Amino acid sequence: MNHFFSVRFQLPVVVTTHARQRMRERNLTDALLLDIIDTGVDKDAGAGHHWLYKHFADRDDNLLCAAVVLETALVVKTVMHHWEPMP
């Protein structure tokens, strides 16, 4: 998927080079990333920044998290695994 769109945020999704590299290292597909974006838990980090995260039963590296910025597009800055939300 070269171009995709978030239904939840009604924005195109842009994935940074850094995030693409982390996706490859963590075996995350575009479809899995879009699932996290559109159906994962949304934790507001302030100033347009969000942590979007989700557990997947068939993976042993949960939680999977996308650090994003909401601008004229949803920009994925990085993706993480074994993530733990802060209180």
Task: region 31-45, residues that are open to solvent by 30 Å² or more (accessible area, probe 1.4 Å) and either of a type outside the set (A, V, I, L, M, F, W, C) or in contact (Cβ under 8 Å) with a residue 40 or more places away in the chain (or both) - done: D35, D38, T39, V41, D42, K43, D44
Task: Options A45, A73; residue that is small (G, A, S) and in contact with a Pro (Cβ under 6 Å, 6 or more places away or on another chain) - done: A73
Open item on the list: Considering only residues that are farther than 15 Å from V76 by Cβ and in a loop (DSSP other than H, G, I, E, B), which ones fall in region 38-63?
Closed with: A47, H55, F56, A57, D58, R59, D60, D61, N62, L63
Task: Exclusive hit being open to solvent by 50 Å² or more (accessible area, probe 1.4 Å), in contact (Cβ under 8 Å) with a residue 24 or more places away in the chain and of a type in the set (F, W, Y), set W51, W83 - done: W51
Task: From the options R59, R20, R8, R24, residue that is open to solvent by less than 60 Å² (accessible area, probe 1.4 Å) and of a type in the set (D, E, K, R) - done: R59
TODO: Please indicate, with yes or no, whether at least one residue in region 55-64 is within 15 Å of P12 (Cα to Cα) and touching a Lys or Arg at 6+ places or on another chain (Cβ under 8 Å).
DONE: no
Open item on the list: Taking the condition of being of a type in the set (F, W, Y) and in contact (Cβ under 8 Å) with a residue 12 or more places away in the chain, how many residues in region 1-30 meet it?
Closed with: 2
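The values are calculated or read from the model by the stated rules, or taken from the named source; none is laboratory data. If you're wondering where the values come from, they're calculated on a predicted model, not measured in any experiment. For neighbour counting, all protein chains shown are included, and Cβ atoms are generated from backbone atoms with ideal geometry for every residue, glycine included. Accessible surface is based on the protein model in full, side chains and every heavy atom, while ligands, DNA and RNA are left aside. Shrake-Rupley method; radii C 1.70, N 1.55, O 1.52, S 1.80 Å.
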